[in-house]
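Only the coordinates and a few stated rules stand behind these numbers; no lab work does. Because the structure is a prediction, the values reported are computed rather than measured. Reconstructed Cβ throughout: ideal geometry from the backbone, glycine too, with neighbour counts over all protein chains shown.
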Amino acid sequence: MKLFWSSRSPFVRKVMIVAHELGIAERIEHVRTVVHPAKPNAEVMAFHPISKIPALISDDGQAIYDSRVICEYLDDRFGKGALLPASGPGRWQVLTRHSMIDALTETCVMWNGERRKPQELRDEQIVAASAVRVTSGLNALEADIAFFEEEGLTLAHAAAASALAYLDFRLDTFAWRESQPRLSRWFAEFSKRPSFVETAFADVY
């Protein structure tokens, strides 16, 4: 398998955390990829028409995207549902949490992009709104922490770990731990997992 990949993407990291947890990380070839909203990547667009990563090319040549679909594909093919229940309330609980956490991550990415702009081009309303939305998402995770503390590992756990790691990577001045103490403790424990250690962010192209 091939994965259009970046060491700076929280969505790529989530996929690779899942791959490590399933014991298949070594089966995935990383295709180092740079994508930018203003510069469509022709190589990626041959597989993902919107030029976004991650995109996975399966062993039989099928293109699979986005990160949520890739995670479900890997779990279905190699984990036999180990990280996502096949049916029933448990499945929808994991999928709903995964969706919310991806929205949280997308907001973090947008926030980081906006705050890095020159001041004369920065939209402070977007910066402020992003902080409100991220705080709301973290509060939701804190309120829901029993799921993460008590449930076995799921796709939602991998997504949450990647999102929190991205906060530390790109928005490290945003002090969230005091307001979400149980989430902070859970993240500290998850951070010891080999799947997390082996997928560390790196600010390289």
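For every helix of n ≥ 4 consecutive DSSP H residues, a contribution of -39,500 (n - 2.57) applies; sum these over the chain, divide by its total residues, and give [θ] at 222 nm rounded to the nearest 500 deg cm²/dmol.
Numbers: 9 runs with 107 residues, N = 205.
It comes out at -16000 deg cm²/dmol, rounded to the nearest 500.
May I ask what percent, to the nearest 5, of DSSP beta bridges between residues of the chain are antiparallel? Don't skip to the answer; put the middle values down first.
On the way: 6 of 10 bridges.
Percentage antiparallel, nearest 5: 60.
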Alpha carbon centroid spacing (whole Å) that separates the range 5-56 from the range 84-150: 20
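Where Rh is the Kirkwood radius over the Cα pairs of the range 89-193, the temperature 4 °C and the viscosity 1.567 mPa s, what D in µm²/s does Stokes-Einstein return? Write out the running numbers ahead of the final one.
Values: Rh = 14.3 Å.
The calculation lands on 91 µm²/s.
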Charged-residue dipole, Cβ positions (Lys, Arg, Asp, Glu), the range 13-92 about Cα centre, Debye nearest 20: 300
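Anything in the chain that counts as a DSSP H helix reaching 18 Å or more along its axis (C-alpha) with Kyte-Doolittle mean of at least -1.0? List them, would you? Mind showing how you got there, number by number?
On the way: long enough: 89-115 (39 Å, -0.47); 124-143 (29 Å, 0.62); 155-170 (22 Å, 0.84).
TM-like helix candidates: 89-115, 124-143, 155-170.
Taking 1 over the mean of 1/r across every pair of different Cα atoms in the range 2-79, what Kirkwood radius in Å do you get?
After inverting the mean inverse Cα-Cα distance, the result is 12.4 Å.
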Cα-Cα P(r), the range 21-64, percent of pairs per 5 Å interval: 5, 20, 28, 22, 13, 9, 3, 0
Dimensions (Å) - the chain, Cα atoms, principal axes, largest first: 48, 43, 29
Spacing of the two label points (7 Å from each Cα toward its C-beta) at Lys192 and Val132, in nm: 3.9
Under 17 Å from Lys2, Cα to Cα: lysines that are on another chain or at least 8 residues apart: Lys14, Lys52
